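Colleague: Below is a structure I'd like to ask you about.
The values are calculated or read from the model by the stated rules, or taken from the named source; none is laboratory data. Computed from a prediction, not measured in an experiment: that's the story for all the values here. Here Cβ is always computed from backbone atoms with ideal geometry, including for glycine, and neighbour counts include all displayed protein chains. Accessible surface is based on the protein model in full, side chains and every heavy atom, while ligands, DNA and RNA are left aside. Shrake-Rupley method; radii C 1.70, N 1.55, O 1.52, S 1.80 Å.
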Amino acid sequence: VLALNGKIKEVEEKIFASNGKEVDFASALESCEEAGGTLATPRNEEENKAILDIVKQYNRYAYLGIREGETSGQFMYINGTPLNYTNWHQYEPNGKGAEKCVEMYTDGSWNDKKCNLHRLTICEF
């Protein structure tokens, strides 16, 4: 039996879960896809809060399923659709093309960040 002790959060039709591992963006995305899901992608405040609950449990920043597109400063979901909800930290995003991935801080706000850093893996199913 898999004991996850609150490491899973359910919001409407989505389930968010973490394996507790900290890896780069590509590895996090790959492990989520191998498990049959994708990287956690908040599409509203309720989902953002569910992901934040997991971030707070581990007290680690986590990558989100959001990337910068071809246009500098224009972020979108990893499936290529435009964002319909954002929760950027004050003065973010500010990477101007150098920071193509997005992480969630331990207060639930977002920051654009380089994709090669190790961040908590949180998947959605």
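Colleague: In the range 37-78, which residue that is of a type in the set (Val, Ile, Thr), in contact with a Gly (Cβ under 6 Å, 6 or more places away or on another chain) and assigned to a loop (DSSP other than H, G, I, E, B) is least open to solvent (accessible area, probe 1.4 Å)? I'd like the intermediate steps shown before the answer.
Modeller: Going through the range 37-78, the residues of a type in the set (Val, Ile, Thr) turn out to be 38, 41, 51, 54-55, 66, 71, 78.
Next cut, in contact with a Gly (Cβ under 6 Å, 6 or more places away or on another chain) only: 38, 41, 78.
Keeping just the survivors that are assigned to a loop (DSSP other than H, G, I, E, B) gives 41, 78.
Details: 41: 5, 78: 60 Å².
This residue is 41.
Colleague: State whether the residues of the range 85-94 include one that is of a type in the set (Val, Ile, Thr) and surrounded by 14 or more Cβ atoms within 10 Å (Cβ to Cβ). Can you show your working first?
Modeller: So the first thing to find is which residues in the range 85-94 are of a type in the set (Val, Ile, Thr), and the list is 86.
So of that shortlist, the ones also surrounded by 14 or more Cβ atoms within 10 Å (Cβ to Cβ) come out as 86.
The answer is yes, given that some residue of the range 85-94 is of a type in the set (Val, Ile, Thr) and surrounded by 14 or more Cβ atoms within 10 Å (Cβ to Cβ).
Colleague: Related question: For the structure I just gave you, tell me whether residue 34 is more than 14 Å from the chain's Cα centre (by Cα), of a type outside the set (Gly, Ala, Ser) and open to solvent by less than 50 Å² (accessible area, probe 1.4 Å). Steps first, please.
Modeller: On the way: more than 14 Å from the chain's Cα centre (by Cα): yes; of a type outside the set (Gly, Ala, Ser): yes; open to solvent by less than 50 Å² (accessible area, probe 1.4 Å): no.
For residue 34, the condition - more than 14 Å from the chain's Cα centre (by Cα), of a type outside the set (Gly, Ala, Ser) and open to solvent by less than 50 Å² (accessible area, probe 1.4 Å) - is not met.
Colleague: Still on this structure, please answer the following. Could you list, ordered by first residue, the pairs with Cβ atoms under 9 Å in which the first is in the range 30-52 and basic (Lys, Arg) and the second is part of a loop (DSSP other than H, G, I, E, B), at least 6 apart or interchain?
Modeller: Within 9 Å, the pairs are 43/83; 43/84; 43/85; 49/42; 49/108.
Colleague: Hey, another quick one. Please work out which residue is modelled with the lowest pLDDT, limiting yourself to the range 91-118 and to residues that are assigned to a loop (DSSP other than H, G, I, E, B) and of a type in the set (Lys, Arg).
Modeller: Quick first cut of the range 91-118, residues assigned to a loop (DSSP other than H, G, I, E, B) only: 91-100, 105-109, 114-118.
Narrowing further to those that are of a type in the set (Lys, Arg): 96, 100, 114.
Numbers: 96: 86, 100: 96, 114: 97.
Filtering the range 91-118 for residues that are assigned to a loop (DSSP other than H, G, I, E, B) and of a type in the set (Lys, Arg), the one modelled with the lowest pLDDT comes out as 96.
Colleague: Which count do you get for residues in the range 108-121 that are in contact with a helix residue (DSSP H, G or I) (Cβ under 8 Å, 6 or more places away or on another chain) and without any contact (Cβ under 8 Å) to a residue 40 or more places away in the chain?
Modeller: Residues flagged as in contact with a helix residue (DSSP H, G or I) (Cβ under 8 Å, 6 or more places away or on another chain) and without any contact (Cβ under 8 Å) to a residue 40 or more places away in the chain within the range 108-121 amount to 0.
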